[in-house]
Amino acid sequence: MNVFVSPFNNPFINLALEDHFLRGGADLPVAFFYINRPSVILGRFQNPWLECNLPYLVKNDIWMVRRQSGGGCVFHDEGNLNYCFIYPEGMINRSRGVELIKSAFVKADIHLDISPRHDLWLDGKKISGSAFKQTKDASFHHGTFLISSDMEKLAESLKHTLIPKESKSIPSVRSQVTKLQDKYSDVTIQDVIDLIAHELKTTPRSFDESILSLYEVQQSFKQLTSWDWLWGETPAFEMSNGIKVRKGIVEEPIQGRFEKEFMRNLIDANELEKIFADFTEQNKAREEVF
């Protein structure tokens, strides 16, 4: 199995690279590791207003990202290792990745449990959440692994901005979480990468910025950073005041895009600032890539 470690900490780039590998950008199977800047990563079918504390994200320079896989909302920062196992069609097995990680940790005398949802638990608390995506020819299983993350920021980031009266989105399953250094204070992210690579009997490799010039990577990045994907992909929901929104479009009481300027005369000014937190700085930073 090829093992790659990303040199990038931009979550939009790393998700675009996952998509690139899934769609034939590397000889499979592949294990891909990356560390993102502080970000909240939504599942594809989730509602950011329900899953995230949007004003807190903006205030603390935490990005809001929507991935292509399903599942729940997670927090990434420099103390969290992200893994992605990508397999060709004939090797698809949802348990394979977490079983491999569990086996690697046993050799370090660290014992993890696998939940029915394919998450990893340490001493009764979740330490790794995961999600899946499948195409006709391949699939990936990706997940988080909390090693030294800021748990206070994690907790605050994943509080809701508003609670819809009704929502078609898939809510996160909230669990009590822990990080590896709470019990094993000397273990680093590099230690975990080395541990898993040793289990795979291979040496991790990196790649340079030339990979960002690939058309497929640029197209995936463009989609992931678009308003239509980040906000417009939100499943239908109804606010407590009766305003109904579907795919980023207000359907009732009048039709228009669910954005700050359009909603200015429909909701209270304080609520407006809370719901439509200003992600201008995130938008600028992520678009400087290409």
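Readers should treat all values here as calculations from the given coordinates under stated rules, not as data from a laboratory. These numbers were taken from a predicted model, which means no experiment stands behind them. Heads up, the Cβs are rebuilt from the backbone with ideal geometry, glycines too, and the neighbour counts pull from every protein chain shown.
The modelled label-to-label distance for the pair Ser210/Ile249, using points 7 Å beyond Cα in the direction of Cβ, is 4.5 nm. Distance between the C-alpha centers of region 197-258 and region 127-145? Whole Å please. For region 197-258 versus region 127-145, the Cα centre distance is 16 Å.
Relative to the present Cα-Cα distance, how much length would full extension add between Asp27 and Gln181 at 0.36 nm per residue of separation?
So the chain would gain 52.0 nm between Asp27 and Gln181.
Sorted on the mean count of surrounding Cβ atoms within 10 Å across their residues, most packed first, peptides 51-60, 218-227, 165-174 read 51-60, 218-227, 165-174. The fraction of all Cα pairs in region 227-286 landing in successive 10 Å bins from 0 to the largest distance is 21, 54, 22, 3, given as whole percents. Annotation: for a label point projected 7 angstrom from Cα along Cα→Cβ of Asp137, residues of region 190-223 with backbone N closer than 18 Å are 214-220. You can think of it this way: the chain between Asp228 and Ser240 has 1.9 nm of extra reach, that is 0.36 nm per residue less the Cα-Cα gap. Charge dipole of region 2-224 (Cα centre as origin; +1 on each Lys and Arg Cβ, -1 on each Asp and Glu Cβ, all else neutral): 780 debye, rounded to the nearest 20.
Considering only alpha-carbon pairs that sit under 8 angstrom and 6 or more positions apart, the relative contact order computed for region 227-286 is 17 percent. The aspartates and glutamates whose alpha-carbon is closer than 18 Å to the alpha-carbon of Lys274, local same-chain residues fewer than 8 away aside, are Glu51, Asp61, Glu156, Glu238, Glu259, Glu261. Available extension along the chain between Lys59 and Phe262 is 70.7 nm, counting 0.36 nm per residue and deducting the alpha carbon span.
Between Ser115 and Ile163, the distance separating the two model label sites (each 7 Å from Cα on the Cα→Cβ line) works out to 2.1 nm. From the P(r) of region 168-266, can you give the percent of Cα pairs sitting at distances over 19 Å? Summing the P(r) tail past 19 Å for region 168-266 gives 69 percent. For region 2-224, the extents of the C-alpha atoms along the principal axes are 49, 43, 30 Å, listed from largest to smallest. Among Ile92, Ile35, Ile275, sorting on how many other beta-carbon atoms sit within 10 Å of each Cβ, with the fewest leading, yields Ile92, Ile275, Ile35. Using Cα pairs under 8 angstrom and six or more residues apart, how large is the relative contact order of the chain, in percent? Relative contact order here is 23 percent. Contact order for region 82-215, expressed relative to its length and based on alpha carbon pairs under 8 Å spaced 6+ residues apart, stands at 25 percent.
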